Structure formats: C-alpha cells, structure tokens
Amino acid sequence: MPTAAFDIATAPPDAAPEFTQRQQDVLAHALALLVEGGEKALTTAGLARTANCSKESLYKWFGDRDGLLAAVVAFQASQVQFPSDAGATADAGTFRKHLIAFVKTQQTVLFGETSLALNRLSIANSGSGQNRLGHLLVARGKNMIGTRARTLLEAGRRKGLLKFDDPDEAYQVLYGLAIGETHIRLLLGGTPTDREKDLDTLAQTAVDRFYRLFGV
C-alpha cells in the first residue's frame, strides 16, 4: 500500500487512490473537521492533534494542505465501490448485480450526511473566488466517479450486455434514474422519505429502468 503524498495534479481522473488503514482513519478525522468547521478548521496541527499523529506523517502522506484536502475528497469519493472489469462482465446476471451494487453505493454516499455537508460547504463558498473545495469535489469526486462508471458501462457494452452510442449520455441517464431530484432536495435540507431510505429498492428500480433503455 502506498505511503507517498497524494498528488492531485498528476493523478488521472479515474484513479481511486489506495490508502492504508491508518491513513483512512486520519482522513476520516479530517472529514469530520471539515464538515464541522469548514475549510479553516482543517489544519495540519488540528488534524495531528485530533487523529493522534505527527505533522511529519501528514506531510509525508499528503503533502501540503491542498494535498490533504484533495486526499480527503478522494477518500470520500472512493466510498463508491466499483467491481473489476473481469468480475463485472463474467455473465449478464453478474454484471447486472454489480451495476445495482454500484448504484446503491453511489446513493449511499451522495445521500449521506458527510457528502451533503461537503456540498453545502462548497456552495456556501461558491462566490468567494477561492472555492478550492468545489474544484476538488468536481475533479476528484464527480469526475472520478463518472469516469469509472463510464468505464464500467463500456465494459458491459463490449461484452454485449448493453447497447448505446454515447457512454456519457448513458451514464447521465443512469445517474438521473439513480439520484434524481432527491440529492438536490436533501441538499436544501429536506428529509428522505421512507421510499428514499430503501436504497435496495431504489437501486434495483433505477437499473431496471436503465435496462429498458439500454439493455440487450
């Protein structure tokens, strides 16, 4: 497992960084600081104290503060799980199960309080001209998940399990079916309905509808 600093400038958009268990624990503390107190609360000194680690370790693992913020966003986005191409396309039933699992984890992450808080914080800073968090949420969150999701869909197409011309369009349809307006409503302070709390059914329904459009 890598221990070098996480470099957002050189990491490809579909890269899911691997963190050691200790690094994951530290990033979980960093997420809590960020959500509770905003960007100003995320300092190396404060994180070192909260996570009971040295500032030297933080610099070794994540580089400067921008690198730490990038790692935090990438860590949160990595909670959306993807199967390997080989596992996802073993057969039609397996691929469909993996697609449902992906949709459910995406819903779990995006509808969760941590992601909602990060997005609200970014929106609050959107007029400042220095919204680093917003940039990172797009580059290391939305774009990373979208790139890997399109790769998954294209693997299904190559296997003859899906049919579509434009992978971007296909993913946008899947995203709309899976996330819909629920994410916006939750961002605005709404509470999930009983139906929206049943992510198993929501994910299954989204994929069923997706297959009506793009299934073979």
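The values are calculated or read from the model by the stated rules, or taken from the named source; none is laboratory data. Everything quoted here is computed from the prediction, not taken from an experiment. Because the Cβ atoms are built from the backbone with ideal geometry, glycine has one as well, and the counts that use them run over all protein chains shown.
If I filter the range 18-28 for residues that are in a loop (DSSP other than H, G, I, E, B) and at pLDDT below 85, do I get at least one hit?
Yes, some residue in the range 18-28 is in a loop (DSSP other than H, G, I, E, B) and at pLDDT below 85.
Would you check if Gly180 is farther than 16 Å from Gly93 by Cα, out of contact with any His (no Cβ under 7 Å at 6 or more places or on another chain), of a type in the set (Gly, Ala, Ser) and surrounded by fewer than 16 Cβ atoms within 10 Å (Cβ to Cβ)?
yes
For the range 159-177, give me each residue that is surrounded by 11 or more Cβ atoms within 10 Å (Cβ to Cβ) and over 21 Å from Asn143 (Cα atoms).
If the condition is that a residue be surrounded by 11 or more Cβ atoms within 10 Å (Cβ to Cβ) and over 21 Å from Asn143 (Cα atoms), then Lys159, Leu161, Leu162, Lys163 are the ones that fit.
Give the range 153-165 a look and list any residue that's outside any helix (DSSP H, G or I) and in contact (Cβ under 8 Å) with a residue 24 or more places away in the chain, or say none.
Answer for the range 153-165, where residues must be outside any helix (DSSP H, G or I) and in contact (Cβ under 8 Å) with a residue 24 or more places away in the chain: Lys159, Gly160, Leu161, Leu162, Lys163, Phe164.
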